[in-house]
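Notes follow the structure.
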Amino acid sequence: MATAEEFSFELSHASDEAEDVLKNSLSMSIARHYRDPATGLVTLIFNMRFTPCKTMDHQTTLMVRAATGGLWKFPLRFTATEPPVDDTVLIEATGLGKASNVGFRLNSQQKHPAVFNAFFEAGSDPEFSVTPETGELMPGGTAGTLFTVSFLPNVYGKLYNAKLIIQTPDMQWSYCIRGVLPEYQPPRGVSAKPIAGPHPPLQKPAGRRNYIRENLKLIATAVSSPIKGANLMAHTAAAAK
């Protein structure tokens with residue numbers, strides 16, 4: 001009767017990246033086996049534990065060997081979809097064209113420093129930036145690595161959002177970044193202070209001249225008249241007779 005020790009297995013990865021990621025997130029062992037008494041076929045039961053720490057989509061091949069020389073291949077695919085964000089970071093702007101910063105620290109999940117990349121997911125608003133973008137995450141037990149997210153808005157009336165990703169070879173963190181603008185205050189005019197008195201009395205503007213009325217009040221003709229210096233009152237009286 002065949003035993004589990006008569007079988008061995010290994011994973012053949014499609015790439016070096018798949019091997020590096022899966023060796024830290026996948027564990028497998030042969031839990032038990034069963035032989036069909038009628039056919040003699042042996043069924044192996046595997047114990048598999050998949051605990052991904054970052055998004056992935058890798059293909060590999062499970063190769064099972066028998067001590068008698070048999071070899072069986074089984075294609076496997078390991079997929080880890082986008083997890084929920086680890087936290088939400090809210091940045092309150094001080095005003096348009098003014099940068100506001102928020103900082104936080106992060107530690108490596110290993111006992112040694114881990115190389116990381118920090119970047120914003122496609123579709124994030126360009127008004128956000130992060131420093132540093134590359135470096136090493138300090139291990140647990142230390143103060144950790146400081147990350148600073150900056151927010152530099154340029155217009156009112158817009159919702160600013162971004163998704164920050166920090167990745168190491170075997171871990172991933174994601175943060176929802178939101179930018180909040182201060183309440184818009186419209187400009188207000190300020191009147192000048194009044195000038196100290198006393199003030200001169202206001203003068204009424206001169207009305208339109210009534211030349212007909214003025215001419216009726218003339219006593220004699222003007223110098224430019226063909227009848228120079230004639231008495232207008234006398235002519236008027238003569239006309240009345």
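The values are calculated or read from the model by the stated rules, or taken from the named source; none is laboratory data. As the structure is a prediction and not an experimental result, all values here were calculated from the model. Cβ atoms come from the backbone with ideal geometry, glycine included; neighbour counts cover every protein chain shown.
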Kindly list, by first and then second residue, each pair from a residue in the range 97-116 that is farther than 18 Å from GLU127 by Cβ to a residue that is aromatic (Phe, Trp, Tyr) and surrounded by 16 or more Cβ atoms within 10 Å (Cβ to Cβ), limited to pairs with Cβ atoms under 7 Å and residues at least 6 apart or on different chains.
PHE104/PHE147; LEU106/PHE147; LEU106/TRP173
Going through the range 64-91 in order, the residues found to be surrounded by 12 or more Cβ atoms within 10 Å (Cβ to Cβ), over 37 Å from the mean Cα position of the chain (by Cα) and of a type in the set (A, V, I, L, M) are VAL64, ALA66, LEU76
Return the pair list, or none, for Cβ contacts closer than 6 Å from residues in the range 118-135 that are farther than 10 Å from ILE177 by Cα to residues that are assigned to a loop (DSSP other than H, G, I, E, B), at least 6 apart or on different chains.
ALA118/GLU133; GLU127/LEU152; GLU127/PRO153
Take the range 45-63 and flag every residue that is of a type outside the set (Ser, Thr, Tyr) and in contact with a Lys or Arg (Cβ under 8 Å, 6 or more places away or on another chain).
ILE45, ASP57, HIS58, GLN59, LEU62, MET63
Right, THR39: part of a strand (DSSP E or B) and either closer than 18 Å to GLY70 by Cα or charged (D, E, K, R) (or both) or not?
no
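Table: residues versus (1) surrounded by 15 or more Cβ atoms within 10 Å (Cβ to Cβ); (2) at pLDDT below 95.
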| position | (1), (2) |
| --- | --- |
| GLN110 | yes, yes |
| ASP125 | yes, no |
| PRO132 | no, no |
| ASN154 | no, yes |
| ALA162 | yes, no |
Across the range 173-193, which residue is modelled with the lowest pLDDT among those that are of a type in the set (S, T, N, Q) and exposed (fewer than 13 other Cβ atoms within 10 Å of the Cβ)?
SER191
Does THR94 fit the bill of being at pLDDT below 90, more than 22 Å from LYS54 (Cβ to Cβ) and surrounded by fewer than 12 Cβ atoms within 10 Å (Cβ to Cβ)?
no
Could you tell me whether PHE104 is of a type outside the set (S, T, N, Q), assigned to a strand (DSSP E or B) and under 29 Å from LEU22 (Cβ atoms)?
no
Please enumerate the residues belonging to the range 76-100 that are farther than 23 Å from LYS163 by Cβ and either in contact with a Leu (Cβ under 8 Å, 6 or more places away or on another chain) or in a loop (DSSP other than H, G, I, E, B) (or both).
LEU76, PHE78, THR94, GLY95, LEU96, GLY97, LYS98
Flag for SER150 being part of a loop (DSSP other than H, G, I, E, B) and closer than 16 Å to THR88 by Cα
no
